[in-house]
Structures are given as structure tokens and as C-alpha cells.
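Read the structure below first, then the notes.
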Amino acid sequence: MVVSADIIIAERLKRIMLKRAIFVVLVVTLAVACSDNRTGIARAQGATAENGCKEGSVVPEKLRFGLAGYWGGMGDEKSFSPFVDMLSKSVGIPIEIKLFDAYESLVRALQSGELEIALLPPLAYVQAKAKMPCLKPLRTIVVSGHVMYRGYVLVRNDADIIKPKDLRGKRLALVEPWSSSGYLFPLAWLMRSNLHPTQDLGSIVLTNSHHECIKAVLDGRVDACGTFEGAVQKARRDGLPTEMLRVVGVTGRIPNDAVVVHPKVSQTVKDSLDKAFDRLNTTTPEGRIALAPLLDITGFALTDDHFYDHVRSVMKKVSILGLDL
Amino acid sequence: MSIRSKVLASAVGSAIVMAVALHALFLWEQQKARYRDIEMRARAFLAMLAVGVLEPMSRNDQQGVDAVVAGVAEQDLEVVDIAYVCVLDNQRVVLTHTDPSLFGTVMSDHFSLLAAGAPDVVVREEGDLLLVSKPIVTRVHKNPAIRWGTAIVAVRLHKLKEEQKIALMRFLLGSLGISITLVLVVGWMLRRIVLLPIKKLHQAASAFTVGDYSARIVLKTRDEMEALADTFNEMAREIQSHTRHLEETIRERTKELEEANKKLKELATTDGLTGLYNYRFFEETIRMEVRRAQRQGLPLSLLMIDLDHFKVYNDTHGHQMGDEVLKTVARIMKYRLRSTDFPCRYGGEEFAIILPGTGFEEAMKLAEEVRGLVEAHPFPGEEKQPEGKLTISIGVATYPYHAEDEISLVRAADMALYTAKQKGRNRVESPGQV
């Protein structure tokens, strides 16, 4: 067989080019992977504008901090004063606490600019982010040392509900469509347990609060409730007979609530806030004093938007049910 | 040093070297594995502890921290012997410690400083303790967000070291056992393969050296030893056949030699013409026989015989005829004499007959008979003799009557013969008749 020299050279060149291409792809992939790992969180606090978001410029006279009334326990805005004092002192701008009963109204207040800072539950954060693309999570709250938690599906311990399938035809109480552990994740759990929330269950009622949800089960108004461990602990502290409850389902891991700052707020203020939150944890006596009013919150961890991607994927799964989300 | 000792010594040496090397390797590996195991268990213990104390620590719940540490410490860690467990906050203040007196103090030892400053697990061996620390951290995306403190566990290694000692003992005993077994097996094999064949070879060779040429070795080992035994057997066969041949030859030669010597002796003592004893023999015998007679107190007679006018016969008929006469006279004497008598040719035509144990009367009688036989015998040409016939004269003397020793006996017999000649020949005379 006669092979011309040209063909051989061409073949060699092809091979060399292919090798180089593979090498370049490998190097780029590696570089991206490494940089992603190292800068994943740092990016979240970056000051430069991205995705067409303008850097905020407002230095407000006061920072209105909205959060669910749940975090204050039974107390009102005034009970947050140790927290407010420390934060104000650190940032140099007065802080004003605003409590909300519903997550939707909290998100709406942030959206409308009535709030500069908000503590949003994961699903509420995802919803808010969908409406305000320039919104970024500053910190994720650390509850009892953890940045994630799980939802529970509770029944009375005298109920004949042992397995998920025993919920067929039963009444289930959920909190509200903006709740992760009180709505989205229990629905996902039902689906994973091969139960269709509307077709297989007798009824689903919304109680608008975790406390009510637990109470409804204890009262026998419903057979089950979708909530989370912190709510059960709070209910016990509030004097409810939680020992009469039993867990029949545990949801997947849910990221904790996010502290967000309105995009309009100046980066300098954001940086001061970030620094203040960095110091704000129960490892120091001052931190312990400041965090005393905030139920079970023991610190604030650096975070980014990807931390909530899991919520988005669960939302996507549950959305096929066509329920109100 | 015998082969057995040499081979045994090398076998034992090799076995011990091998055992020691294996033992060292085994112990090294075992120690590494056990150390790794303990470290892994300590790490697992700390991981459990760090997760458990995270919540109470973050809530500043001292009782909760104590409860978790107590609960975790109760876990069965099997081989892990915990010296102490402690949890420090970020200022290295003891939140909980197995030694309650340390609660609230600030740990400033080298390891605590190292552990509190390290972002990850720290493992150090200090004396008899293995110290492992782990930060108690809340992480987001695996990135540390808040560090609450540090958990430290100290594991005692003395148990491990004791176990190592036991393992060492066990292994030494094991290697000893292996060595002994090896020695026994090698010894047995050696005995079977080498020593027994060599012993057989030795026995056969020893038998050979003492003249047992029939010694053979029977070996069925199908190896070099069997080949050696075959070669030995072949050699033995060769030597045996060669020796047999040699012996036969020697026996033949000896026989020939004996015969030759006998002949030589005969020649030395016999007269070539007559076949009678010669003069030399006569001289020796007469001396010997007289002594014997003296010892035994027996008589001994001597006959001295001379052919009468033999010179005439020789001159008339020639020497050849004369010789024939001498032969015939000798034959007549032999015929008449007993086997114990010694007829001798004394010289020329003279004969002497030694008669051991014979008295004078008997000797006279015998002499007379011999004289009569010669007289009666027809010799060719005897008619030409002066007396018309061939005759003999005989002198008889007897010890101890006529003589006291062999010399006087011969002289006496001679004198008697002389007398017989004087008295006219063909007669028998004795000294007394002189």
C-alpha cells in the first residue's frame, strides 16, 4: 500500500490539533471548577453590578428590617432592642424592626421599598428573587448551629397514621403557599410517597401559621400538619402538649432563611451590614446578648443565591400539581 | 561438623532469619494498620461529637454540651481507650472536659493552641497519647461559615503497645514453632534423603574395608544417591571379582611354589642316581636321630654297606652298568627297609642305613637279609667278578652299645665294615667281632 507523505502529515496535524483542543478544554474546565469553588460565596458579596443590575447608591436614614413575627416569639418590635442596638451601633445607621404575619406581605413590603432589610424564608426568598432579579442574599441565618433544617409531617400519637399511605383520605393542615416547611416541602414529600395532595388526601387546609397548624392537629381539627422542628419547640415553649405528637414524615433538607438587603441600598452600607452580621453570633457574649430576642438564631453565615437552588428545583417538581404557589 | 549439623544449622538459620524478617514486616504492617484504625475511630468519634455539640454550643447550652459529650463518650469504641475528651470555645476556654476541674480554664498547651488555630483535623502523637482535634464549624456549601470551637480527644496508646507486645510474643512463639517444625521436617527429609543413604554407603564401605566384598547397598531413592549406590555396587562387584581372581592366582602360585620347594628340598636331600638320601642328609639325620635316641633312651643302629670289588665291575662293564648296579642295590634296600628307616648313599659304592629304634640283634638280622638279597640277585656280568658274583659287605654298630655319639657310631660301623672286608667280604660284621 502506498501512502503519500502529505496524507501522513495531515493526519499528524489533525491528531496534534485534537490533542491541543482536548488540553485547552481540560484546562478551562479545571480553571472554572477551581475558581467557582473558591469564589462561589465571595461573588455574592461582590460590589460590582452584574446581570444588568445597577449598584445601589442609597444611604438610608434608617434601615427598616422586616421579618416574620415568628422570630420574635410572643414579643413585639421593642423586644428586639438588644439586636437592634448592636446592629445599629455596628452599621452606624438606626435600625427599625417591622414584624409581618404573612410572608407574602413581607416580600411585598421589600419589593415596594418599604423595607431596606428583610429576613425571608427560603421559598419567600426564591419568590422575591424571581420578582427582584437584583436581590442578593447577604447572609443565611444559622439556627442552633445549622444552616439547613427539615420539615416534619406531624400527627397525633393516638392516630392510626403510621405510614405515609395512611394519610389517604385524611385532612392535612399546611401553613401557607409561601412557606417552605409548611407547604412546599410537605407537598414534595407527599409526591415522593406516591400520594397526590389533592386526589389522595381528604382535604388540605391552610392555617397561615405553624403554631395554628400544630394546634389544629392537637385539637383534632385536622389529622396531620406540615411544619418544622423549630415550630414544635416553640409550641412546647408556648405550652402546647407537643408530647402528643408523632412524626410520620421528614422532608428533604431546606436551606435556612436569607437576610436580604434591598438592591437600592449602597454597597458601603451593605458591607457594613455584612461585617456586623459576621460578628453577630453566639460565640461571643455580646453576640449572645444581641441574638437573645431572635428565636434560636445563633449566627449569620455567608451565603449566595445558589444556596437556594434546591428550593427552586423542588418548586419545579411541585409545580406540576398546578397548585397555588 | 557433620553434614547433618551443617544442613540443620543452615535450615535453622534460614528459618530464624525468615521468621524474624516476616515478623518485623508483619508487626510493622500491623502497627500501621492498628494505628490507622485507632486514628480513624478517633476521627469518627470526633465527627460524631462535633455534629452533636454544634447545636448546644451555638445555643450556649452548657448542659446540652455536657450531655452530648457524655452520650458520645458512652459509645462503644472497642479498642479506643479514651484518656480524655474536651470541647473548647474559640478562646480555648474549656466548655466540657472529662476532668471537671478544668471547666472554665483556658487551655494553653501546645496541642490546644495548634488545634484551635487549625482549620481542619489535627492528629499528633504525644508520648503515650494520640491527640486528635476537629473544629466545630457550621458550613455553607462545605465552606466554613462560623466556627464555634474545637473538639479534642486523647486516646491512650498503651493498650495498642501492650497488644503489640502480645502480638510480638505470639509471633515469636509462632516463629519458634515454625522453626522447630522446619527443623524436624528438614531433619527428617535430610535423614531420609541424604543421611540414611550415606549411612548405608558408609556401612557398605566399612564392611568392604574389613574384607566383606559381598557388601552391597540397596537404595530406591531415584536420585543421585541411588546413582551413587549403583556405582558403588558396580565398583564392589568389580573389586570382588578382581579379588577372587587374584586369590585364585595367589593360591595357584603358592601351590606351585610349595611344590617347587618340596622338589628343591628333595633334590637337596636325595641322591640323583639311586633316589636314596644323600650324604648331607645322612650327616644331619644321624646327628638328629642319635640325639633323639639319647632323649628317648631307645637304641639306634647304623649299617655301613660297601659293594665288594665294585671297581672291578666298573672297569669290566663300564660306569653305566656300574650305575645300574648301584640303582638295583638301592632298590633292594628300599624294598626290604621300613618307612622309618633312612637308606643313604654314603659316597661312591658305599651306603649307610640309619635304623631308628632298632636294637643290635634286629639290625644284624636286617643286615643279613639285605646282604642275602643282594647276593641272590642276578646282576648282569657278575660272573666276571672275582667271586663270580656281586656281593656286599656290611658293618653294623648300635647306639648305645658300640658308641656314645654319632661320630663314634659311624666310626664303629666303619670299623665293622672294614672287618667284614678283611674277613673275605660278602658278610656282616659288628664291632664286637673285631
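Here, each number is a calculation from the coordinates, and none is a lab measurement. Since the model is a prediction, treat every value here as computed from it, not as a measurement. With ideal geometry, Cβ positions are generated from the backbone for all residues, glycine too; neighbour counts draw on all protein chains shown.
Observations on the model:
- Residue exposure proxy: B:16, B:353, ordered by other Cβ atoms within 10 angstrom of their Cβ from fewest to most, comes out as B:16, B:353.
- Ascending count of other beta-carbon atoms within 10 Å, so fewest first, for A:64, B:170: B:170, A:64
- Once the Cβ-Cβ distance of residue A:89 and residue B:40 is raised to the sixth power relative to R0 = 41 Å, the FRET efficiency obtained is 0.30.
- Spin-label model distance (nm) - residue B:255 vs residue B:209, 7 Å beyond Cα toward Cβ: 3.5 nm
- Prolate/oblate/rounded call for the stretch B:250-296, Cα gyration tensor, a/c under 1.5 rounded: oblate
- For residue B:136, nonlocal amide neighbours, meaning residues 5 or more places apart or on other chains whose placed amide H falls under 5 Å from its own, are B:148, B:149, B:150, B:151.
- Only helices enter this figure: runs of n ≥ 4 DSSP H residues, each worth -39500 (n - 2.57), summed and divided by the residues of chain B, yield -20000 deg cm²/dmol at 222 nm to the nearest 500.
- Model label zone, residue B:377; criterion: amide N under 15 Å from point 7 Å along Cα-to-beta-carbon; scope the stretch B:388-430: B:389-394
- Unit charges on C-beta of K, R, D, E only; dipole of the stretch B:298-433, Debye: 220 debye
- Each DSSP beta bridge with both residues in the protein assembly as shown is either parallel or antiparallel, and the antiparallel ones are about 80%.
- Taken one residue at a time, the phi angles of the stretch B:403-412 give Karplus couplings (6.51, -1.76, 1.60, θ = phi - 60°) of 7, 10, 8, 5, 5, 5, 5, 5, 5, 5 Hz. Gly and Pro are set to x.
- Rounded if a/c under 1.5, otherwise prolate or oblate - the stretch B:273-402, Cα gyration tensor axes: prolate
- Sequence-ordered 3J(HN,Hα) estimates for the stretch B:86-99 from the Karplus curve with 6.51, -1.76 and 1.60 and θ = phi - 60° stand at 8, 10, 10, 8, 5, 9, 6, 7, 6, 8, 8, 8, 4, 9 Hz, glycine and proline given as x.
- Prolate/oblate/rounded call for the protein assembly as shown, Cα gyration tensor, a/c under 1.5 rounded: prolate
- Under 5 Å from the amide H of residue B:276 lie the amide H atoms of B:271, each residue being 5 or more positions distant or on a separate chain, with H modelled from the backbone and absent for Pro and chain starts.
- Exposure proxy ranking, count of Cβ atoms within 10 Å, fewest first, for B:160, B:114: B:114, B:160
- Rounded to the nearest 5, the antiparallel percentage of DSSP beta bridges internal to the stretch B:287-434 is 90%.
- Vicinal HN-Hα couplings computed from phi for the stretch A:175-184 (Karplus, 6.51 cos²θ - 1.76 cosθ + 1.60; Hz; Gly/Pro x): 7, 6, x, 8, 8, 7, 7, x, 7, 4
- Label sites at residue B:25 and residue A:77, each approximated as a point 7 angstrom past Cα along Cα to Cβ, lie 8.0 nm apart.
- Paramagnetic label zone (point 7 Å from Cα along Cα-to-C-beta, residue B:185; backbone N under 18 Å) in the stretch B:1-43: B:7-23
- Where labels lie 7 Å past Cα in the beta-carbon direction, separation of residue B:311 and residue A:206 in nm: 19.5 nm
- Among B:260, B:392, A:244 the positive-end extreme of the charge dipole of the protein assembly as shown (Cβ point charges): A:244
- Listed residues B:23, B:137, B:155: farthest to the positive end of the dipole of the stretch B:1-155 (Cβ charges): B:23
- What you get for chain B, charging only the Cβ of Lys and Arg (+1) and of Asp and Glu (-1), is a dipole of about 1000 debye around the Cα centre.
- The charge dipole of the stretch B:250-360, taken about its Cα centre with unit charges on the Cβ atoms of Lys, Arg (+1), Asp and Glu (-1) only, comes to about 600 debye.
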